[in-house]
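The structure under discussion appears below in the form of structure tokens.
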Amino acid sequence: MLLFVAGMPLASHALTFDVRGGYKTGSHSYESRYKISESWANGWWASAEMDNKNNKNNGKGPKGADKADSAHSFGDSTTDYNELETNYTWRFADKWNLQPGGIYHWSSKGTQLRPYIRVNYLPTADWSLGLRYRYDYNTYETTNDDGESHRDSVNRLDLYVGYKFNSQWSVLYQGTAYKHANDDYTYKNNKTWATENAFTLRYKWNKWFSPYVEYDYLDQQGYYEGEDNISESRYRIGVTFTL
């Protein structure tokens with residue numbers, strides 16, 4: 001389907017399937033994500049993903065029916081969002097490339113359009129650096145802290161630093177900062193902006209199987225049983241299959 005939507009050639013370069021599970025310690029919530037992606041030798045890349053969450057409402061259901069205990073955390077599993085993404089890699093210099101792209105994101109809240117531009121620098125065969133700016137445009141309105149309805153959007157900046165220890169082990173750091181375009185909106189840290197820091201350790205078992213673990217610190221964005229501004233950490237484990 002993505003081949004026809006994106007208008008891409010049928011000659012594929014690499015097809016991957018990634019499945020990942022995670023747990024947030026502050027919000028006591030579980031998540032899982034399923035993603036399929038494909039790249040082409042001419043520079044195009046595309047993906048489709050779905051995210052599933054447990055205990056999404058976190059104690060806000062009728063009579064606390066979705067309270068974050070061990071039974072209800074797994075009992076209120078729902079599809080949280082779906083995404084389609086594509087980008088193109090333009091190698092404009094020996095160790096530099098530019099990636100314009102975009103994401104089509106939809107959920108029960110509505111639809112977001114997320115265009116972005118990313119620049120990558122590869123100083124050596126082992127090191128990689130990247131910087132991305134993304135604008136998340138809401139096509140729907142949400143209610144702000146004053147009870148008013150507006151179309152809020154988000155400015156986002158991501159920093160990537162990757163290093164390969166050898167042919168099997170690699171690590172990736174991703175630092176993220178984002179801010180509401182409308183100052184009448186705040187995150188669970190009670191600020192109009194927030195940060196995230198993610199560390200991923202990956203092991204390449206062979207050319208088609210690659211497990212990984214990830215630790216993220218998500219600022220004071222935890223929310224649990226009516227209390228916000230809680231220190232939030234997220235632990236993830238996943239595996240990537242490459243065909």
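The values are calculated or read from the model by the stated rules, or taken from the named source; none is laboratory data. What you see is a predicted model, and the numbers here were worked out from it, not measured in a lab. Positions of Cβ are backbone-derived with ideal geometry, glycine not excepted, and every protein chain shown enters the neighbour counts. When the accessible area is computed, the model is the full protein with side chains, heavy atoms only, and any ligands, DNA or RNA have been set aside. Shrake-Rupley method; radii C 1.70, N 1.55, O 1.52, S 1.80 Å.
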Check your understanding: Ratio of Rg to Rh for the range 83-163, alpha carbon only, Kirkwood?
Key -> 1.13
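Can you tell me the length gained on complete extension of the stretch LEU98 to GLU141, counting 0.36 nm per residue apart and subtracting the Cα distance? Kindly include the intermediate steps, with their values, before the conclusion.
Working: separation 43, 0.36 × 43 = 15.48 nm, distance 3.25 nm.
Value of the extension gain: 12.2 nm.
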Check your understanding: What is the log10 of I(q)/I(0) for the chain, computed with the Debye formula using one identical point scatterer on each Cα and no solvent, at q = 0.14, 0.15 Å⁻¹?
Key -> -1.12, -1.29
Practice item. Please give the residues of the range 108-151, grouped as numeric ranges, whose backbone N is less than 12 Å from a label point set 7 Å along the Cα-to-Cβ vector of ASP184. Key: 142-151
Review point. Residue by residue through the range 121-138, which ³J(HN,Hα) values in whole Hz follow from phi under the Karplus form 6.51 cos²θ - 1.76 cosθ + 1.60 (θ = phi - 60°), with glycine and proline marked x?
Key: 10, 10, x, 9, 5, 9, 9, 9, 10, x, 9, 10, 10, 9, 10, 9, 9, 7
Study note, to complete from the structure: With all protein chains present and a 1.4 Å probe, the order of LEU84, LEU122 from largest accessible area down is LEU122, LEU84
Point to revise | Translational diffusion coefficient (Stokes-Einstein; Kirkwood radius from C-alpha pairs) of the range 202-243 at 25 °C, 0.890 mPa s, in µm²/s | key: 200
**Study point:** Computed lengthening from TYR217 to LEU15, 0.36 nm per intervening residue step minus Cα-Cα distance
**Key:** 69.7 nm
Study note, to complete from the structure: Stokes-Einstein, Kirkwood over Cα pairs, the range 123-167, 4 °C, 1.567 mPa s; D in µm²/s equals 94
Revision key, fill the gap. Per the C-alpha gyration tensor (a ≥ b ≥ c, the square roots of its eigenvalues), the range 101-243 is rounded if a/c is under 1.5, else prolate if a/b beats b/c, else oblate; here it's prolate
Practice item. Whenever you get a sec, line up GLU232, GLU196 from highest to lowest accessible area (probe 1.4 Å, protein heavy atoms). Key: GLU196, GLU232
**Study point:** the range 104-243 - accessible surface per residue (Å², probe 1.4 Å)
**Key:** 57
Review point. So what is the 222 nm mean residue ellipticity for the chain from helices alone, if each DSSP H run of at least 4 adds -39500 (n - 2.57) and you divide by all residues, rounding to the nearest 500 deg cm²/dmol?
Key: -1000 deg cm²/dmol
Practice item. Roll a 1.4 Å probe over the protein heavy atoms and report the accessible area of ILE230 in Å², nearest 10. Key: 40
Check your understanding: So how do LYS35, LYS109 rank on accessible area, 1.4 Å probe, biggest first, that is with the largest at the start?
Key -> LYS109, LYS35
Check your understanding: In whole percent, how big is the carbon plus sulfur part of the accessible area of the chain, probe 1.4 Å, protein atoms only?
Key -> 58
